[in-house]
Amino acid sequence: MPDLNETHSAALRSWLASAHAPDSDFPIQNLPFGVFRRRGSGEPFRGGVAIGDAVLDLAAAHAAGLFDGEAAAAAGAAATPTLNALMARGPRAWSALRLALSRVLRVGASAERTARACLVPQTDAELGLPAQVGDYTDFYTSIHHATRVGRQFRPDNPLLPNFKWVPIGYHGRTSSLVVSGHDVVRPVGQLMLPGADRPQLAPCRRLDFELELAIWVGPGNVLGERIDIGDADAHVFGIGLLNDWSARDIQSWEYQPLGPFLGKNFLTTVSPWIVTLEALAPFRVPFTRPEGDPPPLAYLDSPRNRIAGAIDIRMEASIETAAMCAAARAPVRLARTSYRHAYWTVAQMVAHHTVGGCNLQPGDLFGSGTQSGPALEESGSMLELSEGGQRPFALPGGETRGFLEDGDDVILHAHCEREGFARIGFGTCRGVVRPARAT
Ligand code: MN
């Protein structure tokens with residue numbers, strides 16, 4: 001297992017008891033970064049670290065002199081409204097800050113009193129979009145998603161021949177990126193209904209979610225110079241959750257020949273907390289391919305990628321309909337899967353994105369693509385779960401869903417667990433569907 005250090009020790013305890021509640025996503029072994037301000041305060045956003053039920057204010061901690069040297073410089077970079085400057089500093093700086101945070105937050109820390117004064121309860125915090133995103137790229141790395149969706153359109157040839165050679169992706173839209181909690185207004189667009197001879201402008205009828213990870217880029221590369229797969233991890237700050245809301249009826253009419261456009265660009269939701277690659281080190285697993293599949297081309301292959309390129313991130317999507325909310329029913333899980341099933345790794349995405357000389361920049365965002373596992377109940381979209389709306393999904397209380405309806409709250413979660421290590425979580429990425437605006 002690469003790159004383990006004292007911050008990963010399962011024996012570590014924080015003096016903040018809530019960090020070690022059994023269901024806490026944020027024990028001292030996690031330490032994810034985000035931006036926040038006190039709700040209703042009008043304060044500027046600044047960097048923070050989630051610990052238990054609180055946020056450690058990095059601007060306050062930096063001003064209070066909690067850190068030295070490289071950690072202090074990194075905390076200073078995070079004392080700003082976005083994490084871009086911290087992301088730009090690279091793994092040595094992130095690691096120095098993580099170690100310093102671990103040491104001030106653990107039981108017995110001499111700086112406990114000072115650090116306590118820098119905590120804000122998460123219930124009082126408004127969380128922001130973690131970075132100013134220059135570019136957003138959505139990949140398509142799940143072979144199970146690609147195959148199940150492909151089968152609906154091409155029963156005899158579900159998987160296109162390029163999938164096993166190219167990490168497929170398209171360039172997305174950054175202006176409509178929002179953080180968890182933002183409503184998703186049902187988009188209006190061109191629909192070509194079955195049997196019609198011309199399209200009409202109408203509200204989307206096949207609104208869907210996509211269970212994805214958000215991969216946040218750290219230091220970039222110079223235009224024209226590619227990032228070698230062996231260096232790729234040093235260019236990735238960390239991972240959060242992403243819901244790539246999708247209007248399937250708009251998408252199916254518009255997507256040929258250039259790919260998704262208005263079917264995707266109306267909104268994309270990310271979770272507020274970014275779990276660093278360092279925090280994820282214990283959950284690395286080998287990158288494997290099924291017997292008989294082609295090996296990746298050399299620029300998409302490295303010893304480290306083979307040994308530990310994949311990550312066992314357990315992901316799930318739940319729904320709470322308006323009726324469930326009114327009846328005080330708990331959300332119901334739609335699907336769960338693991339990122340370990342992805343056909344392409346984070347390092348392969350970075351190497352491929354830059355191989356032609358395209359430059360990445362700090363704060364750029366990759367969507368992992370919808371993550372689905374081999375079984376139907378591991379499907380990360382309604383398109384798969386309801387087989388294109390043909391087999392509506394049954395919910396408690398007698399409701400069914402082929403696609404999303406107004407009032408539905410879609411809730412994404414993820415966590416990592418492994419024997420001998422602390423469980424770490426990703427927090428929440430959610431959004432409620434609201435009615436379409438008038439056409
Ligand atoms: Mn997607």
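The values are calculated or read from the model by the stated rules, or taken from the named source; none is laboratory data. All values derive from a computational prediction rather than experimental measurement. Cβ sites come from the backbone with ideal geometry, for glycine too, and all protein chains shown count toward neighbours. Just so you know, the surface numbers come from the protein's heavy atoms only, side chains and all, with ligands and any DNA or RNA stripped out. Shrake-Rupley method; radii C 1.70, N 1.55, O 1.52, S 1.80 Å.
In the range 348-370, which residue that is open to solvent by 10 Å² or more (accessible area, probe 1.4 Å) and of a type in the set (A, V, I, L, M, F, W, C) is nearest to the ligand (Cβ to nearest atom)?
Here is the first cut: in the range 348-370, the ones open to solvent by 10 Å² or more (accessible area, probe 1.4 Å) are 352-353, 355-356, 358-359, 361-362.
In the following step, the residues that additionally are of a type in the set (A, V, I, L, M, F, W, C) were identified as 355, 358.
On the way: 355: 21, 358: 19 Å.
Looking at the filtered set, the residue picked out is 358.
Please go through the range 204-215 and pick out each residue that is open to solvent by 40 Å² or more (accessible area, probe 1.4 Å) and either away from the ligand (no atom under 16 Å from the Cβ) or under 26 Å from residue 82 (Cα atoms) (or both). Quick ask: steps written out before the conclusion?
Initial filter on the range 204-215 (open to solvent by 40 Å² or more (accessible area, probe 1.4 Å)): 205-206.
Result: 205, single match.
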**Report entry** Residues being out of contact with any helix residue (DSSP H, G or I) (no Cβ under 8 Å at 6 or more places or on another chain) and either part of a loop (DSSP other than H, G, I, E, B) or of a type in the set (Asp, Glu) (or both) - total across the range 300-328
**Finding:** 5
Report summary line: Scanning the range 399-415 residue by residue, those in contact with a Leu (Cβ under 8 Å, 6 or more places away or on another chain), open to solvent by less than 20 Å² (accessible area, probe 1.4 Å) and not in a loop (DSSP other than H, G, I, E, B) turn out to be 401, 410, 412, 414
Report task. For residue 168, work out the one condition from (1) open to solvent by less than 30 Å² (accessible area, probe 1.4 Å); (2) within 16 Å of the ligand (Cβ to nearest atom) it doesn't fulfil. Result -> (1)
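Residue under question is residue 68, and the condition is that it be out of contact with any Lys or Arg (no Cβ under 6 Å at 6 or more places or on another chain), farther than 18 Å from residue 427 by Cα and among the charged types (D, E, K, R); does it hold?
Details: out of contact with any Lys or Arg (no Cβ under 6 Å at 6 or more places or on another chain): yes; farther than 18 Å from residue 427 by Cα: yes; among the charged types (D, E, K, R): yes.
Yes.
With the requirement that a residue be under 21 Å from residue 341 (Cβ atoms), in a loop (DSSP other than H, G, I, E, B) and out of contact with any strand residue (DSSP E or B) (no Cβ under 7 Å at 6 or more places or on another chain), what does the range 280-299 give you?
In the first step, residues of the range 280-299 are kept if they are under 21 Å from residue 341 (Cβ atoms); the result is 280-296.
If we keep only those that are in a loop (DSSP other than H, G, I, E, B) as well, we get 280, 286-296.
Of everything in the range 280-299, those that are under 21 Å from residue 341 (Cβ atoms), in a loop (DSSP other than H, G, I, E, B) and out of contact with any strand residue (DSSP E or B) (no Cβ under 7 Å at 6 or more places or on another chain) turn out to be 288, 289, 290, 291, 292, 293, 294, 295, 296.
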Report summary line: With the first residue restricted to the range 125-153 and required to be within 18 Å of residue 342 (Cβ to Cβ) and open to solvent by 40 Å² or more (accessible area, probe 1.4 Å), and the second required to be outside any helix (DSSP H, G or I) and away from the ligand (no atom under 15 Å from the Cβ), Cβ contacts under 7 Å at 6 or more apart or on different chains are 144/373; 144/374
Query raised in the report: Looking at (1) more than 14 Å from the ligand (Cβ to nearest atom); (2) in contact (Cβ under 8 Å) with a residue 12 or more places away in the chain, which is the one condition that is false for residue 258?
Result: (2)
Report task. Please indicate, with yes or no, whether at least one residue in the range 183-203 is crowded, with 19+ Cβ neighbours inside 10 Å and under 29 Å from residue 340 (Cβ atoms). Result -> yes
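I'd like the full set of residues that are within 30 Å of residue 400 (Cα to Cα) and touching a Ser or Thr at 6+ places or on another chain (Cβ under 6 Å), limited to the range 284-323. Walk me through it before giving the result.
So in the range 284-323, the residues within 30 Å of residue 400 (Cα to Cα) come out as 313-323.
Once the filter is applied, which keeps residues that are within 30 Å of residue 400 (Cα to Cα) and touching a Ser or Thr at 6+ places or on another chain (Cβ under 6 Å), the range 284-323 yields 314, 315.
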Query - Per-region count, the range 84-114, residues touching a Leu at 6+ places or on another chain (Cβ under 6 Å) and small (Gly, Ala, Ser) - result: 1
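Looking at the range 379-398 only, could you name the residues that are open to solvent by less than 40 Å² (accessible area, probe 1.4 Å) and away from the ligand (no atom under 16 Å from the Cβ)? Spell out how you get there, then give the answer.
The first filter runs over the range 379-398 and keeps only residues open to solvent by less than 40 Å² (accessible area, probe 1.4 Å), leaving 379-386, 388-389, 395.
Correct list: 386, 388, 389, 395.
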